[in-house]
Amino acid sequence: MPVQRSRSLDILGVEDSERDSRLVSRRSCRASQSLHNVACIDKSVERNHGSMRRVRFRAYGHANVTGDHRTTVEITSEPTLTPSGTCIVGIRANKTLQRFDSEIKELARSPNTRIVLRLNVENLIEEIEGRGDPGLTYSDSTSMVARKSSFVCGRTLMIQADKAASDLNRSLIERLKQPETAIDCELLFISE
């Protein structure tokens, strides 16, 4: 069983001891204050003269969610989940990579874009942060996968993600085992 990290997360999911000067302005942003987090991200983007785009969508839990995979996290639009889908944390997503607009796809193809996937399950918030890559096509019509590695394919949402399914809060995974549990998902594409 993976070690559960008990820590207060800022908008980037970085431990307090790992913060450096580029994160000082974000110290007061906490995951439990999701609306405040968005405002903090917006202010940070303004200061860095970058741009940010958001994509919001919804997915649902399933009895077969295990969150055991050590290198990826996946959300799919498929209506069911088999026990072998250990990276899948949400099904029946109402948005897929293929349906993202061209501006989002362009941002995703930049290695200077930070991509944050925020999962909100009954006010329990988890964030996964990774990077864009020139090889990202967002061509898949079913799945989106956050990868710890640098592998890219049509299903890849982000590379170099800081978390996989096995790193997610176990309370969140337990809630996702209930089939009608909604996951309010938000993707942030932040150009640096």
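With the simple model of a label 7 Å out from the Cα in the direction of the Cβ, Thr80 to Arg99 spans 2.2 nm. Could you grab the Rg to Rh ratio for segment 53-191? Cα atoms only, Kirkwood for Rh. Result: Rg/Rh = 0.93. Here, segment 111-155 has an Rg and a Dmax of 12.0, 35 Å when only alpha carbons are counted. For segment 78-184, the dipole from Cβ point charges (+1 on Lys and Arg, -1 on Asp and Glu) about the Cα centre works out to 200 debye, to the nearest 20. Ordered by the number of other Cβ atoms lying within 10 Å of each residue's own Cβ, fewest first, Lys163, Lys177 fall into the sequence Lys177, Lys163.
Rule-based calculations on the coordinates, nothing more; no lab input. Predicted, not measured: the structure shown is a model, and the values here were computed from it. We place every Cβ from the backbone using ideal geometry, glycine too, and count neighbours over all the protein chains shown.
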